[in-house]
1. For the range 191-268, what is the charge dipole size about the Cα centre, in debye to the nearest 20, if Lys and Arg each add +1 at the Cβ and Asp and Glu each add -1 at the Cβ?
2. Enumerate the whole-percent occupancy of each 10 Å bin, from 0 to the last occupied one, for all C-alpha pair distances of the range 121-175.
3. Cα convex hull of the range 167-268: how many Å³ per residue?
4. If the cut-off is 26 Å between C-alpha atoms, which lysines fall inside it for Lys193, apart from same-chain ones fewer than 8 positions away?
5. Rounded to a whole number, what % of the accessible area of the range 76-202 do carbon and sulfur atoms account for, probe 1.4 Å?
6. Express in whole angstrom the spacing between the alpha-carbon centres of the range 110-159 and the range 252-268.
7. So if I place +1 on the C-beta of Lys and Arg and -1 on the C-beta of Asp and Glu, and nothing else carries charge, what would the dipole magnitude of the range 5-127 be about its Cα centre? I want it in debye, nearest 20.
8. Anything over 18 Å Cα to Cα? Flag those among Lys54/Lys77; Lys54/Lys172; Lys77/Lys110; Lys54/Lys78; Lys17/Lys82, in the order listed.
Amino acid sequence: MILITGATGTIGSALTKILTVPYRAMTRTATHNSIQADFNNPASIEKALQGIEKVFLLTNSSEQAENQQITFVELAKKAGVKHIVKLSQWAADKDSPVRFLRYHAAVEEKIRESGMTYTFLRPNLFMQGLLSFIQQGKFFAAVGNARISTVDIRDIADAAAAALTQPGHENKTYNLTGPEAITHYQMAETLSKVLNKNITFTDVPPAAMRAAVIQAGFPEWQADGLIEDYAHYAKEEAATITPGVLEATGHAARSFATFAQDYAPAFL
Ligand SMILES: NC(=O)c1ccc[n+]([C@@H]2O[C@H](COP(=O)([O-])OP(=O)(O)OC[C@H]3O[C@@H](n4cnc5c(N)ncnc54)[C@H](OP(=O)(O)O)[C@@H]3O)[C@@H](O)[C@H]2O)c1
């Protein structure tokens, strides 16, 4: 049996939509077709892991994420889990100045040391992140004119589904990017064309971006992490195009134009 954590989130819900084998979804609130468990409650995780062979591990990037995921890995090992598919991040590195990339690298190391087989999915910036970023046709970020090989979350879900259900993905790390590296100005241009509506991107200083995300309710730790993340994007450290989606799924990565067309109703 497969356990899907983060099942209500962006990637988790895309993944549960396409899985064609039986699985157990883990959610914080019990529903008729999920098991209730909380990363902060080890006893609930132990229960959720009973009889599980493969796991999809994802939490959001909070201050607790590293501890939550490391505890989860220890409990999974104890429960006899064979394979962990971990949603990590592009450029995960223990020495990165970006806190999200440091914690992902620490969890990857813990999984490697556990002896369980693993698949690490390291996606670049999610295209679908724009769905909540754009308000009244405008969006902003502290990213300048940097190109980013942004990726469609449906390709990440496809990679996770393949790793969970097919052989050949054991002990592999997939860097998941889109098929092109584009600037935020180009994203706005493509969206304007596809939606037939003026969408504008404005570059802002990091302090302005931080103030806006704090105002939107982000905890300070997360807001600071986001600013570190965008400083890394602004340096074009996430502009490389990789064959990760093709290698993991057997199909080409979706383009930004395809994303814009498919999500036009959601933007409008
Ligand atoms: N955004 C990007 O561009 C980007 C790029 C690369 C990598 N990533 C990585 O993607 C990950 C986030 O993925 P996502 O966007 O799919 O996340 P998300 O939409 O924020 O979903 C987070 C999921 O975790 C669950 N969760 C949170 N706290 C929990 C707890 N204490 N116990 C049990 N479940 C809990 C949430 O459940 P509830 O519904 O109950 O809250 C939700 O299902 C992060 O690790 C981030 O580093 C993001």
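The values are calculated or read from the model by the stated rules, or taken from the named source; none is laboratory data. As the structure is a computational prediction, the values presented were derived from the model and not from experiment. Quick reminder, even Gly has a Cβ in these numbers, built from the backbone with ideal geometry, and neighbours come from all protein chains shown. Ligands, DNA and RNA are excluded from the accessible area calculation, which covers all protein heavy atoms including side chains. Shrake-Rupley method; radii C 1.70, N 1.55, O 1.52, S 1.80 Å.
1. 420
2. For the range 121-175, the pair-distance distribution reads 19, 41, 25, 13, 2.
3. Working: hull volume 15.9 nm³, N = 102.
Here the figure is 156 Å³ per residue.
4. Within the straight-line limit of under 26 Å, Lys193 reaches these lysines: Lys138.
5. Working: 2390 of 5080 Å².
The nonpolar share, carbon plus sulfur, comes to 47 percent.
6. Here the two parts' Cα centres lie 15 Å apart.
7. Values: 15 positive and 11 negative charges, 60 e Å.
Using Cβ point charges on Lys, Arg, Asp and Glu, the range 5-127 gives about 280 debye.
8. Numbers: Lys54/Lys77 11 Å; Lys54/Lys172 15 Å; Lys77/Lys110 11 Å; Lys54/Lys78 13 Å; Lys17/Lys82 23 Å.
Flagged as over cut-off: Lys17/Lys82.
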